[in-house]
Amino acid sequence: EVYIIDGKEYTAANIVSVFNGEIDFQGYSLSFNKMTTSGKSMGAFFSNIGPKGKIYNAVFNFKGETTTRYYDTGFLCRFNYGHIHDVIVNYQGGSATANQYFGLLCRINSVTGLIERFVISNNPEDGLVPFAARYSAGLVAANNEGIVRNGYVYGSDIYSETGDTSVGGDIYVGGILGGQSSKGQTSNVYSLVNVSVAKFRASFAFSISPL
């Protein structure tokens with residue numbers, strides 16, 4: 001089977017571990033602790049959600065107890081090409097602060113991806129820290145190339161430690177998205193979460209928190 005994504009053809013062999021099914025959680029909750037294993041953090045719950053994939057009517061309780069950073073991943077999936085809707089995400093806190101290319105629902109919401117009707121809470125449990133990031137991260141996604149609409153984000157502020165790294169001074173961290181491409185569309189999404197930057201060395205810092 002061939003998928004056309006942004007004018008390019010992909011087959012199942014090109015999109016690693018694609019979920020193209022449909023799951024109606026019927027309001028049930030799923031708890032996922034993204035822990036460290038063998039020195040590396042676990043991957044997303046779904047590697048990628050494909051163009052035919054649908055996830056909805058769910059409550060996700062995400063926690064990140066790891067001794068390393070999260071890099072190039074998300075909690076629910078890495079890339080979303082499908083439809084995520086009517087979900088509640090409770091981020092219960094983590095221990096990593098230098099996360100990069102990271103989002104709670106996905107790393108990238110791709111051109112065909114649609115995320116809508118969602119609520120995200122950034123409220124850590126005792127002993128854990130709120131959502132934190134070093135570069136290219138957001139509570140919904142690190143980057144949006146598709147459509148994100150009709151959502152609400154609230155809770156503790158995001159902590160961003162810029163430090164001295166090879167990525168330079170820009171941070172691209174937001175209470176909704178870390179960034180958005182020229183094709184991405186975001187509408188009717190509200191965030192009460194701010195970004196707190198500890199060591200500001202940036203020549204330019206991008207944040208859409210709150211809108």
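The numbers here are math on the coordinates, done by the rules we state, and not lab data. Here the structure is a predicted model, which is why all the values come from computation and not from measurement. Cβ: placed from backbone, ideal geometry, glycine included. Neighbour counts: every protein chain shown.
Counting Cα-Cα pairs of segment 106-161 in 5 Å increments starting at 0 gives whole-percent bin shares of 5, 17, 24, 24, 17, 9, 3, 0.
For the listed peptides 190-196, 25-31, 173-179, a ranking on the average number of other beta carbons within 10 Å per residue, highest first, reads 173-179, 190-196, 25-31. Summarising the amide proton neighbourhood of residue 180: residues at separation of 5 or more, or on other chains, whose placed amide H is nearer than 5 Å comprise 144. For the pair residue 192 and residue 23, the difference between a 0.36 nm per residue extended length and the Cα-Cα distance amounts to 57.9 nm.
Considering only DSSP states other than H, G, I, E and B, which trypsin sites (Lys or Arg not before Pro) in segment 76-156 qualify as loop sites with at most 15 other Cβ atoms within 10 Å? Loop-located and lightly packed - none at all.
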